[in-house]
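A short worksheet on the structure shown next.
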Amino acid sequence: MTEYLAGTELLDEILKDGSLGEKEAVRLIKQICLGINHSHELGVIHRDIKAENIVFKDKECKECKVIDFGLGVKGMEFTSGIVGTPF
């Protein structure tokens, strides 16, 4: 079971608005980096970071979360192969 996120994907928000402002982008990148850093501290590598795998917590789109660790690995044992979304 995971946390319920009522917001949309980052990609949907970018496509809806056409772009993100600089301040908004900085705020989101900071949150994304904090999430990735947390997973790295736990020894987990995501391996498929993309806008579709960033989801907002609610409709206000102020807080985002990194999701979909389906290709993720714990540790460094499988980090040499090609994974992720090709485009």
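Just so you know, all these numbers are worked out from the coordinates, no wet-lab data involved. The model shown is predicted, which means the values in this text are computed figures rather than measured ones. Cβ sites come from the backbone with ideal geometry, for glycine too, and all protein chains shown count toward neighbours.
Order the peptides 40-47, 54-61 from the highest to the lowest mean number of other Cβ atoms within 10 Å of their residues. Could the numbers behind the result be given before it?
Values: 40-47: 13.2, 54-61: 15.8.
Packing proxy ranking, top to bottom: 54-61, 40-47.
Helix-only mean residue ellipticity at 222 nm, the chain, DSSP H runs n ≥ 4 weighted -39,500 (n - 2.57), per residue, nearest 500. What is it?
Mean residue ellipticity, 222 nm, calculated: -10500 deg cm²/dmol.
Report the convex hull volume per residue for the range 10-74, counting only C-alpha atoms, in Å³. Numbers along the way, then the final one.
Values: hull volume 5.1 nm³, N = 65.
So the per-residue hull volume is 79 Å³.
Can you give the extra length, in nm with one decimal, that the chain gains between Y4 and L42 once fully stretched, where that is 0.36 nm per residue apart less the Cα-Cα distance?
This chain segment gains 11.5 nm when fully extended.
Going by how many other Cβ atoms sit within 10 Å of their own, how do T2, T8, T85 line up, fewest first?
If I rank by nearby Cβ atoms, fewest first, I get T2, T85, T8.
Taking neighbour counts of Cβ atoms within 10 Å as a proxy for exposure, in what order, fewest first, do E9, E24 appear?
Details: E9 18, E24 14.
If I rank by nearby Cβ atoms, fewest first, I get E24, E9.
Please rank M76, M1, fewest neighbouring Cβ atoms within 10 Å first, as an exposure proxy.
M1, M76
Helix 22-41 sits at what angle to the longest principal axis of the chain, using alpha carbons and giving 0 to 90 degrees rounded to 10?
Approximately 20 degrees, to the nearest 10.
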